[in-house]
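Report on one structure; see the data block that follows.
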Amino acid sequence: MRAGKFITFEGIDGSGKTTQIRYLADYLESRGFEIVLLREPGGTEIGEEIRRILLDMRNQGMTMEAELFLFEAARAQLVRTVIRPTLERGIWVISDRFHDSSVAYQGYGRGLPVDMVQSLNKWAIGETQPDLTIVLELSMEARNMRLERRQDSGHKDRFDVESQAFKQRVCSGFRAIAQEEPDRVIVIESQDGKEETAKLIREQVRRNLL
Ligand code: TYD
């Protein structure tokens, strides 16, 4: 039986997920909840190996079908070996990305059939659906400015070098998911600053989960 709550954060790269996850985890811990933070792909030894393959710039020849299966493989491992046992112990799980990213990136972004991605998601996660999903939205201009700053100091992965058109399709994918599942998925605009965004997220968590 599931006792902890499961929250996922989604959105395109540069939308501020990492910062907001940290704020929310601090808030929930201050209220006495135990929290485990995860990221996808990754979060297990096998998942981290798969992550390396997925992000590696040398793997430009990867087909979109192979890409989807690798994300689902990492997810299947994470759900069974980490997420379910953690929730059963009454610990909350917050994941930086989860199954909605496959619908948005491999479905809307790459153009794989969305119903196919959804069935593979179903198979990988079973009943382990998030209780709440926060999709962070930021205007293309604001995001590009943040990313330019960040990428000066780091190296690019296979998704960073995708076109603006691809990223636009991914964003519209997240919006479509939110429209289809309004009870689970909440879109939050993050242009009004970190603190303001964190406040909006806390309100959603309080309203839906506490
Ligand atoms: P990461 O560095 O974690 O990106 P971010 O900081 O944007 O979260 O890299 C993960 C990349 O994988 C990211 O560009 C989104 C992509 N992705 C998919 O295409 N499908 C998926 O199912 C998941 C989980 C991630």
Checklist entry - Is it the case that some residue within the range 33-43 is buried (at least 16 other Cβ atoms within 10 Å of the Cβ) and of a type in the set (V, I, T)? => result yes
Checklist outcome for this item: I7 fails exactly one of (1) more than 18 Å from L200 (Cα to Cα); (2) touching a Pro at 6+ places or on another chain (Cβ under 7 Å), namely (1)
Next on the checklist: Checking P182 against (1) more than 13 Å from D13 (Cβ to Cβ); (2) at pLDDT 95 or above; (3) out of contact with any strand residue (DSSP E or B) (no Cβ under 8 Å at 6 or more places or on another chain); (4) within 16 Å of the ligand (Cβ to nearest atom), only one condition comes out false. Which one?
Outcome noted: (4)
Checklist entry - Which one is farthest from G173 (Cα to Cα), of the residues in the range 1-29 that are among the charged types (D, E, K, R) and away from the ligand (no atom under 12 Å from the Cβ)? => result E29
Checklist entry - Of the residues S190, S163, which single one is touching a helix residue (DSSP H, G or I) at 6+ places or on another chain (Cβ under 6 Å) and of a type in the set (S, T, N, Q)? => result S190
Checklist entry - In the range 125-151, what count of residues is obtained for those that are in contact (Cβ under 8 Å) with a residue 60 or more places away in the chain and exposed (fewer than 13 other Cβ atoms within 10 Å of the Cβ)? => result 1
Checklist outcome for this item: Within the range 192-209, the residues that are out of contact with any Asp or Glu (no Cβ under 7 Å at 6 or more places or on another chain) and touching a residue at least 40 places away in the same chain (Cβ under 8 Å) are K194, T197, A198, I201, R202, Q204, V205, N208
Item to check | Test: R97 is out of contact with any Lys or Arg (no Cβ under 9 Å at 6 or more places or on another chain), within 30 Å of Q191 (Cβ to Cβ) and of a type in the set (K, R) | outcome: no
Next on the checklist: All but one of (1) surrounded by 21 or more Cβ atoms within 10 Å (Cβ to Cβ); (2) assigned to a helix (DSSP H, G or I) hold for I12; state the number of the condition that does not hold.
Outcome noted: (2)
Checklist outcome for this item: The residue that is surrounded by the fewest Cβ atoms within 10 Å (Cβ to Cβ), considering only those in the range 157-191 that are aliphatic (A, V, I, L, M), free of Cβ contacts under 8 Å to residues at least 60 places away in the same chain and over 15 Å from R110 (Cβ atoms), is V187
Next on the checklist: Could you check the range 150-167 and list, in sequence order, the residues that are among the charged types (D, E, K, R) and more than 14 Å from the ligand (Cβ to nearest atom)?
Outcome noted: D152
Item to check | the range 70-101, subset charged (D, E, K, R) and in contact with an Asp or Glu (Cβ under 8 Å, 6 or more places away or on another chain), residue surrounded by the most Cβ atoms within 10 Å (Cβ to Cβ) | outcome: R75
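The values are calculated or read from the model by the stated rules, or taken from the named source; none is laboratory data. Not measured: the values here are computed from a predicted model. In this analysis, Cβ positions are derived from the backbone assuming ideal geometry, glycine residues included, and neighbour counts consider all displayed protein chains.
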